[in-house]
1. Under a GNM of the chain (C-alpha, springs under 10 Å), which listed residue has the highest mean-square fluctuation: Leu171, Leu30, Leu235?
2. Enter the mean projected area of the convex hull around the alpha-carbon atoms of the chain, in nm², rounded to one decimal.
3. Order the peptides 152-158, 177-183 from the highest to the lowest mean number of other Cβ atoms within 10 Å of their residues.
4. Under the definition of Cα pairs under 8 Å and six or more residues apart, what whole-number percent is the relative contact order of segment 5-285?
5. Got a sec to turn the phi values of segment 113-118 into Karplus ³J(HN,Hα) couplings, 6.51 cos²θ - 1.76 cosθ + 1.60 with θ = phi - 60°, whole Hz, x for Gly and Pro?
6. Kindly write out, for segment 55-66 in residue order, the coupling ³J(HN,Hα) from the Karplus curve 6.51 cos²θ - 1.76 cosθ + 1.60 (θ = phi - 60°), rounded to whole Hz, with x marking Gly and Pro.
7. Excluding Ile168 itself, what net charge comes from residues whose Cβ is under 9 Å from its Cβ, given Lys and Arg +1 and Asp and Glu -1?
8. If I model a spin label as a point 7 Å beyond the Cα along the Cα-Cβ vector, how far apart are those points for Ile6 and Ile292 in nm?
Amino acid sequence: MSSIKIECVLRENCRCGESPVWEEASNSLLFVDIPAKKVCRWDSLSKHVQQVTVDAPVSSVALRQGGGYVATVGTKFCALNWEDQSAVALATVDKDKKNNRFNDGKVDPAGRYFAGTMAEETAPAVLERHQGSLYSLFPDHHVEKYFDQVDISNGLDWSLDHKIFYYIDSLSYSVDAFDYDLQTGKITNRRSIYKLEKEEQIPDGMCIDAEGKLWVACYNGGRVIRLDPETGKRLQTVKLPVVKTTSCCFGGKDYSEMYVTCARDGMDPEVLLQQPEAGGIFKITGLGVKGIPPYPYAG
């Protein structure tokens, strides 16, 4: 086994860093700080960070096939233009729920942008239950709703053969799978493939590796865990020096590095003193496994 190395590559002090996405063309990591309403782009070569500030909490960002990005801002799917720093709404959801916002989002292999909603938190992971839904923005900008009664819509990804959709509703403490129809974007046959153990805490963001195994960031658990979705077994635990780990993705040269986001909101001053890198961006090397490139939104 190669030795695993964990380093904080960017001390960003994110209130709630989320949605890391590797952009190969610019050797950059995109991520968001949800309550700070910022989309950030960290150049891994120059170490420089650029930011775009939007007018509502921004919970996920994704690449766009035609250039630029898409993001979930408030309850809107938006096109994000980095050059003029604008976010233009493509569609709006949950119009009847004024207290809702989007949370995690990711693009499927056919170029649809999946993202789910939740009620605004009164404190981290404290919120009105069952207010969220899961949606997808199709390339023609129409939106489909899959189901509601969601607490905190979170980590999502697709199996390597595109036949299974993986999904997390955080307060169910479960990683779920659905049968997936890539042609239509339809999901069926929901089942749980892994229940988190007590010390793993709350499942948050998730990504898949090139071997088809899932990596789940554990909020309040200070770790990412690697799961085998076929056997339901945990294969590996990587602990980080911060407790509020939120999401993960692969990136870097040949997607052999893992990037992990985390949060500092809701932490006591004395805990922050013990975790000075809370809210930073971490890079994990030596995992011995690679990831796959993110899919761009096709619209």
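Only the coordinates and a few stated rules stand behind these numbers; no lab work does. The structure presented is a predicted model; accordingly, all values stated were derived computationally and were not measured. Cβ atoms come from the backbone with ideal geometry, glycine included; neighbour counts cover every protein chain shown.
1. Result: Leu235 has the largest fluctuation of those listed.
2. 14.2 nm²
3. 152-158, 177-183
4. 17 percent
5. With coefficients 6.51, -1.76 and 1.60, one gets 9, 8, 7, x, 10, 7 Hz.
6. Each residue's phi maps through the Karplus curve to give 9, 7, x, 10, 10, 7, 9, 8, 6, 10, 3, x Hz.
7. -4
8. 2.7 nm
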